[in-house]
Amino acid sequence: MTVPEGRAVEETSVQLPTIDEPENLAPEDARQLSKTLFDRLNVLEEGTHEYQYVRNTLIEINLTLVRYSARRFRSRGDDMEDIVQVGTIGLIKAIDRFDLSREVEFTTFAIPYVVGEIKRFFRDTTWDVRVPRRLQEMRMDLARANDKLTAKLGRSPRVSELAEHLGVTEEEVVEGQVAANGYNSSSLDATVNDEEGEASLADVLGERDGAMDLVEDFHALKPLLAQLSDRDRKILEMRFGDEMTQAQIGEHLGLSQMHVSRLLSRSLSALREGMLAGG
């Protein structure tokens with residue numbers, strides 16, 4: 001595998017790439033390397049050392065997506081590093097659910113997951129919550145580990161480094177970091193500085209993005225549409241894209257309204273069965 005000049009690469013015992021300073025990888029390089037790593041991930045057995053290595057590398061080289069998405073929330077008043085850690089949960093979910101066969105860029109697929117996770121964070125931690133004791137202890141352990149590793153590394157430690165230091169999973173580290181924010185509360189009427197000026201906290205709180213739920217549906221539907229005939233796809237486009245009535249479609253194609261109705265019903269049944277089978 002070739003990598004950009006100036007980035008050292010070593011080979012592990014299983015011939016997988018190790019990249020120095022993955023956070024500095026150029027976007028185009030990260031996209032190309034992500035495709036290669038996803039190809040590799042698809043043939044590895046989950047839970048193996050190789051699988052975990054490839055998955056962790058995918059997380060690290062795509063953290064720029066999280067930081068890019070987190071910038072839009074910089075006016076909320078929370079520590080940006082906390083927001084990035086929350087967004088990382090969304091990135092991990094996107095990596096675990098991504099399918100190369102859908103022929104969509106990983107960045108397009110991942111950003112809704114990252115943004116959705118950050119919005120839920122603001123929605124769920126706007127007021128005081130009761131934090132379980134294990135998370136209270138994790139919060140203190142993380143604070144000590146963060147100070148120790150920062151002094152040792154000369155920079156803020158990554159989630160993977162905190163997890164290794166504490167002997168826990170990355171998900172547990174992020175969960176502990178998110179829980180730490182539960183100690184802070186604000187009134188919904190509190191004034192915050194939005195990008196367009198001052199606004200109440202209630203006006204800028206994140207909500208669930210309904211379009212996020214459609215991402216996988218759209219990608220699952222694409223190959224099913226490709227299996228239909230040109231005429232059936234045209235009829236679906238005219239009915240749902242151009243919002244034409246069945247009578248208008250029939251007149252345009254030289255078919256009876258009844259025939260158009262039967263064709264629509266057949267196509268929709270095929271798509272529905274395909275979606276259910278794929279679920």
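The values are calculated or read from the model by the stated rules, or taken from the named source; none is laboratory data. These numbers come from a predicted model, not from an experiment. Here Cβ is always computed from backbone atoms with ideal geometry, including for glycine, and neighbour counts include all displayed protein chains. With ligands, DNA and RNA removed, areas are computed over all heavy atoms of the protein, side chains included. Shrake-Rupley method; radii C 1.70, N 1.55, O 1.52, S 1.80 Å.
Condition first: open to solvent by less than 40 Å² (accessible area, probe 1.4 Å), within 17 Å of T57 (Cα to Cα) and not hydrophobic (A, V, I, L, M, F, W, C). Now tell me which residues in region 162-181 satisfy that.
Within region 162-181, just E170 meets the criteria.
Check off (1) touching a residue at least 40 places away in the same chain (Cβ under 8 Å); (2) part of a helix (DSSP H, G or I); (3) closer than 23 Å to V104 by Cα; (4) of a type outside the set (S, T, Y) for L228 and give me the number that stays unchecked.
Condition not satisfied by L228: (2).
Only residues that are at pLDDT below 90 and outside any helix (DSSP H, G or I): list them for region 249-279, please.
Listed by number, the list holds a single entry, G279.
For region 138-164, how many residues are farther than 13 Å from Q85 by Cα, among the hydroxyl-bearing types (S, T, Y) and touching a residue at least 24 places away in the same chain (Cβ under 8 Å)?
Total meeting the criteria: 0.
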